[in-house]
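What follows draws every value from the coordinates through simple rules; no lab data is involved. Only a predicted model underlies this, so the values are computations on that prediction, with no experimental measurement involved. Ideal geometry is used to build each Cβ from the backbone, glycine not excepted, and the neighbour counts take in all protein chains shown.
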Amino acid sequence: MALMSAADALAAVLAGADALPEEPVALERAWHRVLARDLAAQRTQPPDDMSAMDGYAVRAADIASVPVRLAVIGEAAAGRPWDRPLQAGEAVRIFTGGVVPPGADTVVIQENTRRDGDIITIDQTAERGRNIRRRGIDFSEGDVLLETGRRLSDRNLALAASMNYPRLPVHRRPRVALLATGDELLPPGSDPGPGQIILSNGYALRALAESEGAEIIDLGIAADTLDATTAAIRAARDAAADILVTTGGASVGDHDLMHVALKQEGVELAFWKIALRPGKPMMHGRLGALRVIGLPGNPVSSYVCAFVFLVPLIRALSGRRDVHHPTEQVLLGADLPANDHRQDYLRARLATDPAGTLVATPVGLQDSSLMANLSAAQCLLVRPPHAPAAAKGTPCPMIRLPT
């Protein structure tokens, strides 16, 4: 039977992955959350004509010919406006952020003036409107400035604050339950016995999911028994997880129980095994609202599959517009052989050649157990099924890995 393609597998993972419900959060907690509704400004910014400099608010007609002497009748500082209209021959001392008083239409910077008591002498003329930030030059009340599906940056939060929003409507964060399986696994800091290894997958997966905005439910390590595995699946469901991510037990060995446990618990599998390298034994299914992604146990396979499939799913459930990883063209730093029926994601380093062109060179061995090579990689070179041999210097699509 032909294996499902990577593209079809991703489509199956994302099928029906609608954004999670809206919830309000305080502005200071909204960084990297995803807007659930368009945000329109609730005020005009600036709300009045404001001075952009320290100096004097004057009438342009009064300084058409310099030098000229004007009477200083008051002061306008930020938050303390002067509201008496300016008459001919008058000026108001004004500071940056001060409201331009009625009748004034120009601000002369203080460096171009000389003051003696309540009289200033202006030595340099300025055109009408100089050094004034006009009302609404930034935005006006009712302007839609932040759109649904935007993942909020630090700058977006500053804008939302200026728009007068103390709380923002965002999509609920996906809850991702992480489950490792295997009698051989021990937490870091342990003293492994014969045949035992240190768990590494979970730490990369947790960081990857959290960086995309997910909340983590850590289900720990399940023993290689059907009872332990099914109990962990139930725990994910009881914890109202949106996604259960399992690592290990996805292959066909006698101790690989994940497929059996998922089916026993009623998970409807969309696929098990795909035309992908690394990561052929990956599986995906649904148990009601719970989405299950069963990752291989090999750490490189686990990470690559999570990056290719889990990250877009988290983004879709979060309501983001940019669900898919962007690809870029890069030049190969080494010859590549022809590909077989599986789509390859080759771990590679990035560098620039003397001409400043980006070059990607695959890391040494591409074995799916080699963590040092994965850690050194900066991108994945994407080689579609049956791609012909490619010579060094030819273009190839790549996806950047997180930094």
Legend entry - Local electrostatic count at I233 - Lys and Arg +1, Asp and Glu -1, tallied over other residues with Cβ under 14 Å: +1
Inset, instruction - May I ask you to work out the translational diffusion coefficient for segment 1-126 at 4 °C, viscosity 1.567 mPa s, via Stokes-Einstein with Rh from the Kirkwood sum over Cα pairs, reported in whole µm²/s? - result: 69
Inset, instruction - Show which aspartates and glutamates lie in cross-link reach of K392 when reach means a straight Cα distance below 12 angstrom and same-chain residues fewer than eight apart are skipped. - result: D335
Inset, instruction - Using only the Cα atoms of segment 328-400, build the gyration tensor, take square roots of its eigenvalues as a ≥ b ≥ c, and label the shape rounded, prolate or oblate: rounded if a/c is under 1.5, else prolate if a/b is larger than b/c, else oblate. - result: oblate
Legend entry - Peptide ranges 283-289, 384-390 listed from the most packed, as the mean C-beta count within 10 angstrom indicates: 283-289, 384-390
Inset, instruction - Name the residue farthest towards the positive end of the dipole of segment 148-204 from the options A177, T148, G193, assuming +1 on Cβ of Lys and Arg, -1 on Cβ of Asp and Glu, about the Cα centre. - result: T148
Legend entry - Sorted by Cβ neighbour density within 10 Å, fewest at the top, the residues R69, R59, R291: R69, R59, R291
Inset, instruction - Using only the alpha-carbon atoms of the chain, report the extent along each of the three principal axes, biggest first, to the nearest angstrom. - result: 96, 54, 42
Legend entry - Per-residue HN-Hα couplings for segment 175-190 [Karplus 6.51, -1.76, 1.60; θ = phi - 60°; Hz; x = Gly/Pro]: 9, 10, 8, 10, 10, 9, 10, x, 5, 7, 8, 10, x, x, x, 7
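Report the FRET efficiency, 1/(1 + (r/R0)^6), for D238 and H325, where r is their Cβ-Cβ distance and R0 is 45 Å, rounded to 0.05.
E between D238 and H325, to the nearest 0.05, is 0.90.
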Legend entry - Centre separation in Å (Cα based) which lies between segment 153-184 and segment 272-346: 23
Inset, instruction - Would you mind pulling out the separation of the Cα centroids of segment 194-251 and segment 11-59, in Å? - result: 36
Inset, instruction - Along Cα→Cβ, 7 Å out, is where each label goes; now give me the distance between the ones at R135 and A11 in nm to one decimal. - result: 5.6
Legend entry - Partner aspartates and glutamates for K273 [C-alpha distance under 19 Å; skip if fewer than 8 residues away on the same chain]: D8, D254, D256, D340, D344, D367
Legend entry - Relative contact order (percent, whole number), the chain, Cα cutoff 8 Å, 6+ residue spacing: 16
Inset, instruction - Sort 264-274, 391-401 for me by packing, meaning the mean count of neighbouring Cβ atoms within 10 Å per residue, highest on top. - result: 264-274, 391-401
Inset, instruction - Please work out whether segment 24-88 counts as rounded, prolate or oblate from its C-alpha gyration tensor, where a ≥ b ≥ c are the square roots of the eigenvalues and a/c under 1.5 means rounded, while otherwise a/b larger than b/c means prolate and anything else oblate? - result: prolate
